[in-house]
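Here's the structure, in structure tokens; my notes come after.
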Amino acid sequence: MIQLQNLHKDYIVNGKTVPALRGIDFTIEKGEIFGIIGHSGAGKSTLIRCINLLERPTSGKVVVDGIDLTKLDDRKLQEQRRQIGMIFQHFNLLSSATVADNVAFPLKLAKKPKAEIDRKVAELLALVGLQDHGNKYPAQLSGGQKQRVGIARALASDPKVLLCDEATSALDPQTTNSILALLRDINRKLGITVVLITHEMHVIRSICDRVAVIDGGKIVESGRVIDVFLKPQHPTTREFVEQVADSVELREAVAHEKAAGDRTIIRITFLGEQTYQPILFRTMQETGTSFNILQGTISRMKDTPYGQLVVELEGEDDRSRQTIDVLRRRGLEVEVIEWN
Ligand code: ADP
């Protein structure tokens with residue numbers, strides 16, 4: 001659906017070249033939710049704005065639905081852009097227009113007949129749960145409601161792709177979750193390909209199928225969210241994964257146990273059906289290992305349940321090694337946090 005090929009973007013600031021993207025290559029499949037995560041200044045905004053050519057790349061190709069956008073003249077580019085909706089961190093609504101008029105805006109620009117506009121606006125407001133708010137002004141809405149207006153407006157021209165530029169970064173955690181649920185819903189119902197940028201691993205974990213990690217204008221790691229999550233390779237990725245993994249309490253507990261000495265501490269990850277099976281207890285019974293649970297969580301990666309347990313194994317190294325081997329053979333992911 002979207003192919004980025006050797007994308008470079010330099011900004012010229014006071015006569016000096018500032019490279020923002022340094023050779024980006026990846027493909028986003030039709031119908032997937034693709035997340036790009038990176039720290040501030042990594043190049044996320046530049047990258048997502050290059051997908052609809054709001055920002056023109058210095059070199060490289062941006063192919064959307066088979067068409068290289070960098071080769072189009074202005075008129076053809078405008079046409080292709082209708083296939084790509086976009087939502088923003090600060091919503092970018094027209095404050096002097098009602099909710100309904102904000103959503104109608106792209107349709108009026110495209111000179112659609114009034115009856116069609118009215119029908120479409122009503123349909124979109126219902127889709128985002130704002131059917132009773134059409135006559136309000138943006139200032140009368142909460143942040144989450146404003147973003148819903150942004151989403152309805154972005155969908156007005158029936159795009160194939162929805163770009164989300166830090167769409168939940170200005171929202172509280174609960175509202176963030178409701179907007180993420182809405183994006184998922186839209187992706188499923190309408191089959192729209194969703195591309196989002198964020199600095200929050202929680203966002204990636206909740207709704208993305210695949211993720212690319214950007215650092216210094218380069219993609220340093222990419223893959224299925226589950227794989228990247230469970231086996232992060234690059235230090236930047238590990239930092240992001242830690243955002244949603246270990247709590248302060250766990251770090252304190254590990255430090256405390258380490259101080260006590262003679263302990264092996266492991267993190268076990270259960271995926272899918274494994275999450276609900278007593279594999280750990282059976283293994284410990286079989287190998288005769290005593291253990292102590294330091295922390296446990298059950299969570300979800302998009303549709304896949306997963307559980308993580310941080311466990312302290314007591315006793316000699318050999319028995320701990322044997323226990324870890326058996327757990328791995330049974331298909332569990334085991335990471336050794338600390339050998340005794
Ligand atoms: P992110 O979205 O990850 O915070 P950006 O894409 O905004 O990153 O920025 C990447 C780099 O490009 C940074 O070094 C930033 O200072 C620079 N940059 C971004 N936009 C501009 C601009 N309009 N003019 C000059 N430099 C810019």
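Things worth noting here:
- When SER45, SER59 are checked against the criterion of being modelled with pLDDT of 95 or more and under 30 Å from GLU242 (Cα atoms), SER45 stands alone in meeting it.
- Among the residues examined, LEU230 does not qualify as in the same structural domain as GLN80 (by TED's automatic domain parsing) and either hydroxyl-bearing (Ser, Thr, Tyr) or open to solvent by 40 Å² or more (accessible area, probe 1.4 Å) (or both).
- Single residue of the stretch 16-62 satisfying the filter (in contact with a helix residue (DSSP H, G or I) (Cβ under 9 Å, 6 or more places away or on another chain) and among the basic types (Lys, Arg)) that is nearest to the ligand (Cβ to nearest atom): ARG56
Yes/no matrix, rows are residues, columns are (1) in contact with a strand residue (DSSP E or B) (Cβ under 7 Å, 6 or more places away or on another chain); (2) surrounded by 13 or more Cβ atoms within 10 Å (Cβ to Cβ):
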site	(1), (2)
GLY38	yes, yes
GLY41	no, no
SER45	yes, yes
ARG56	no, no
GLY60	yes, yes
ILE67	no, yes
THR70	yes, yes
LYS76	no, no
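- Cβ-Cβ under 7 Å pairs, at least 6 apart or on other chains, the stretch 266-291 side among the basic types (Lys, Arg), far side at pLDDT 85 or above and open to solvent by less than 10 Å² (accessible area, probe 1.4 Å): ARG267/VAL310
- ASP246 being part of a loop (DSSP other than H, G, I, E, B) and modelled with pLDDT under 85: yes
- The listed residues are VAL161, VAL121, VAL128, and the only one of them that is among the aliphatic types (A, V, I, L, M), crowded, with 19+ Cβ neighbours inside 10 Å, touching a Ser or Thr at 6+ places or on another chain (Cβ under 8 Å) and in the same structural domain as HIS90 (by TED's automatic domain parsing) turns out to be VAL161.
- Meets criteria (on the phi < 0 side of the Ramachandran plot, within 16 Å of the ligand (Cβ to nearest atom) and either open to solvent by less than 30 Å² (accessible area, probe 1.4 Å) or touching a Ser or Thr at 6+ places or on another chain (Cβ under 7 Å) (or both)) for ALA100: no
- Qualifying residue in the stretch 72-94 (condition: aromatic (Phe, Trp, Tyr), in contact (Cβ under 8 Å) with a residue 12 or more places away in the chain and away from the ligand (no atom under 16 Å from the Cβ)): yes
- Only listed residue being crowded, with 21+ Cβ neighbours inside 10 Å and farther than 20 Å from ASN177 by Cα, chosen from ALA156, ALA115: ALA156
- Within the stretch 181-200, the only residue that satisfies the criterion of being in a helix (DSSP H, G or I) and crowded, with 23+ Cβ neighbours inside 10 Å is LEU183.
- Residue that is nearest to the chain's Cα centre (by Cα), among those in the stretch 164-174 that are away from the ligand (no atom under 16 Å from the Cβ) and open to solvent by 30 Å² or more (accessible area, probe 1.4 Å): PRO173
The values are calculated or read from the model by the stated rules, or taken from the named source; none is laboratory data. Worth saying up front: this structure is predicted, and the values here are computed from it rather than measured. So basically every Cβ, Gly included, is an ideal-geometry build from the backbone, and we count neighbours across all protein chains shown. Just so you know, the surface numbers come from the protein's heavy atoms only, side chains and all, with ligands and any DNA or RNA stripped out. Shrake-Rupley method; radii C 1.70, N 1.55, O 1.52, S 1.80 Å.
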